[in-house]
1. Given (1) aliphatic (A, V, I, L, M); (2) surrounded by fewer than 15 Cβ atoms within 10 Å (Cβ to Cβ); (3) within 17 Å of Lys17 (Cβ to Cβ), identify the lone condition not met by Leu161.
2. Taking segment 164-210 as the region of interest, how many residues are of a type in the set (Val, Ile, Thr), surrounded by fewer than 16 Cβ atoms within 10 Å (Cβ to Cβ) and either within 20 Å of His139 (Cα to Cα) or touching a Pro at 6+ places or on another chain (Cβ under 9 Å) (or both)?
3. Those residues that are under 19 Å from Val20 (Cα atoms) and touching a residue at least 60 places away in the same chain (Cβ under 8 Å), I need them from segment 183-210; list them, please.
4. Does Ser30 count as at pLDDT 95 or above, over 17 Å from Tyr171 (Cα atoms), in contact with a Pro (Cβ under 8 Å, 6 or more places away or on another chain) and hydroxyl-bearing (Ser, Thr, Tyr)?
5. Between Ser21, Ser30, which is in contact (Cβ under 8 Å) with a residue 40 or more places away in the chain, polar (S, T, N, Q) and either farther than 30 Å from Gly113 by Cα or crowded, with 18+ Cβ neighbours inside 10 Å (or both)?
6. Any chance segment 138-149 includes a residue that's without any contact (Cβ under 8 Å) to a residue 40 or more places away in the chain and under 20 Å from Gly43 (Cβ atoms)?
7. As an exercise: evaluate Arg110 against (1) within 28 Å of Phe199 (Cα to Cα); (2) of a type in the set (Lys, Arg); (3) without any contact (Cβ under 8 Å) to a residue 60 or more places away in the chain and give the number of the one condition it does not meet.
Amino acid sequence: MKKGLFITFEGPDGSGKTTVSKAIYEKLVSLGYDCIYTREPGGIEIAEEIRDIILNPKNTAMDYRTEALLYAASRAQHLAEKILPALKEKKIIICDRFVDSSLAYQGYARGLGIEEVYQINRFAIGQHFPDKTIFLDIHEGLGLNRVNHRGNKDRLDAESLNFHQLVKEGYRIVCDKYKDRMICIDASLELEQVIQQAFEAVMGIIHEVE
């Protein structure tokens with residue numbers, strides 16, 4: 001690899017992004033690519049501890065601004081401790097969620113403002129946005145149905161259908177704003193089809209820099 005690659009996976013709850021992104025990572029490893037898999041919020045010890053606070057269903061009193069700031073704090077540490085060192089070593093990073101989630105969830109669905117949440121995150125991560133983002137698009141009703149079937153819902157999973165509809169609307173705005181970075185895939189297809197399309201997209205990204 002001539003340089004490192006930072007590829008993120010985004011999508012509403014129930015879109016399958018964790019399953020798909022892990023499958024892509026495993027395929028890349030099997031092909032001999034030097035890559036790491038990580039997630040947000042989390043990925044390193046400090047950020048995982050912040051994740052526990054954000055997603056704990058007991059924390060219903062959390063203010064929306066607090067939520068947005070905690071995500072940004074987790075992201076700043078994750079970037080500094082894990083993502084930037086991996087990019088310096090010219091690795092491929094596959095990351096389950098990044099800044100676009102904050103823009104859709106806290107910026108739009110929570111009503112804090114996409115631009116306001118963007119500015120919080122600009123302070124947290126500077127210019128370090130993903131090279132490309134695979135967006136798994138799914139109807140919020142189907143996504144929530146999947147979430148309900150898997151059980152063990154976190155604090156955001158348990159939000160109302162209206163909230164998840166707003167998340168979907170927020171993602172539409174984000175995808176349009178960053179259309180040059182976004183690759184949209186229909187996540188309502190069979191899982192193997194989604195994985196194959198995502199894999200082909202990622203390989204296309206890699207071939208551009210090899």
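1. (3)
2. The number of residues fulfilling the criteria is 1.
3. Once the filter is applied, which keeps residues that are under 19 Å from Val20 (Cα atoms) and touching a residue at least 60 places away in the same chain (Cβ under 8 Å), segment 183-210 yields Ala187, Leu191, Val194, Ile195, Ala198, Phe199, Ala201, Val202, Ile205, Ile206.
4. Details: at pLDDT 95 or above: yes; over 17 Å from Tyr171 (Cα atoms): yes; in contact with a Pro (Cβ under 8 Å, 6 or more places away or on another chain): no; hydroxyl-bearing (Ser, Thr, Tyr): yes.
The answer is no for Ser30.
5. Working: Ser30 fails: in contact (Cβ under 8 Å) with a residue 40 or more places away in the chain.
Only one candidate qualifies: Ser21.
6. Looking only at segment 138-149, we keep the residues that are without any contact (Cβ under 8 Å) to a residue 40 or more places away in the chain, and these are 141, 148-149.
If we keep only those that are under 20 Å from Gly43 (Cβ atoms) too, we end up with none.
No, segment 138-149 contains no residue that is without any contact (Cβ under 8 Å) to a residue 40 or more places away in the chain and under 20 Å from Gly43 (Cβ atoms).
7. So the condition that Arg110 fails would be (1).
Each row is one residue, and each column tells you yes or no for (1) more than 15 Å from the chain's Cα centre (by Cα); (2) over 27 Å from Leu5 (Cβ atoms); (3) touching a residue at least 24 places away in the same chain (Cβ under 8 Å).
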position	(1), (2), (3)
Asp34	yes, no, yes
Arg39	no, no, yes
Ile46	yes, no, yes
Arg51	no, no, no
Pro57	yes, yes, yes
Ala61	yes, yes, no
Ala68	no, yes, yes
Arg75	no, no, yes
Pro85	yes, no, no
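The values are calculated or read from the model by the stated rules, or taken from the named source; none is laboratory data. Please read these numbers as outputs of a predicted model, since none were measured by experiment. Every residue, glycine as well, gets a Cβ built from its backbone with ideal geometry; the counts of neighbours run over all protein chains shown.
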